Amino acid sequence: MLSMTSRYALRALGYLATHPDRQVFAHEIAAATEVPINYLSKILHTLARQGLVKSGRGRRGGFRLALPPDRIVLRQVIAPFEDPDFPRDCLLGRPFCSDGNPCQAHASWKPISEQVSRFFETATLAELLRREAAGTSPSAPTG
């Protein structure tokens with residue numbers, strides 16, 4: 001569902017959140033998260049332009065979160081890497097799919113996509129990390 005870039009961005013920020021006391025070099029994040037270093041560098045610089053990470057150069061350089069993990073909403077992390085309509089794109093890939101012009105999957109997909117969208121708009125990086133630490137799946141909320 002998420003692009004590989006968005007998944008890598010979430011991994012990288014998750015790693016930074018577990019090291020709040022220091023700047024972390026990109027190569028360390030890449031090794032720990034198994035993200036190719038060149039790809040990761042581009043992702044981190046995009047996240048820096050979005051104001052989610054701070055970067056520094058030189059021997060004391062590296063990356064760190066610009067905000068506390070409980071103030072980083074997952075939608076902020078994935079927004080630069082996903083289509084603006086994510087996850088409300090047509091499941092079957094039609095360019096025009098709506099209540100007035102539905103595809104065959106529209107009625108089934110609409111409530112699921114709305115739930116997924118709510119999850120990314122409300123869940124924070126801190127919540128994602130708590131769920132991971134607790135060993136629970138970061139599934140979309142019900143309701």
query: Restricting attention to region 77-107, which residues are among the charged types (D, E, K, R), surrounded by 12 or more Cβ atoms within 10 Å (Cβ to Cβ) and under 28 Å from residue 17 (Cα atoms)?
result: 82
- prompt: Do any residues in region 86-97 that are without any contact (Cβ under 8 Å) to a residue 40 or more places away in the chain and within 14 Å of residue 113 (Cβ to Cβ) have Cβ atoms under 9 Å from those of residues that are among the charged types (D, E, K, R) and outside any loop (DSSP other than H, G, I, E, B), where the two are at least six apart or on different chains, and which pairs are they?
  reply: 88/110; 88/114
message: Within region 22-51, take every residue that is touching a strand residue (DSSP E or B) at 6+ places or on another chain (Cβ under 9 Å) and among the β-branched types (Val, Ile, Thr) and give me the one that is surrounded by the fewest Cβ atoms within 10 Å (Cβ to Cβ).
response: 24
field: Selection within region 52-64 - surrounded by 11 or more Cβ atoms within 10 Å (Cβ to Cβ) and out of contact with any helix residue (DSSP H, G or I) (no Cβ under 8 Å at 6 or more places or on another chain)
entry: 56, 61
Region 20-51: number of residues that are modelled with pLDDT of 95 or more, in a loop (DSSP other than H, G, I, E, B) and either in contact with a Pro (Cβ under 9 Å, 6 or more places away or on another chain) or of a type in the set (Ser, Thr, Tyr) (or both): 1
- request: Could you check how many residues of region 114-143 are of a type in the set (Gly, Ala, Ser), under 15 Å from residue 2 (Cβ atoms) and modelled with pLDDT of 90 or more?
  value: 2
statement: Note: among 55, 108, 41, 98, just one is more than 13 Å from residue 6 (Cβ to Cβ) and either of a type outside the set (Gly, Ala, Ser) or within 16 Å of the chain's Cα centre (by Cα) (or both), namely 41
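The values are calculated or read from the model by the stated rules, or taken from the named source; none is laboratory data. Because the structure is a prediction, the values reported are computed rather than measured. Glycine also receives a Cβ, built like all others from the backbone with ideal geometry; neighbour counts cover every protein chain displayed.
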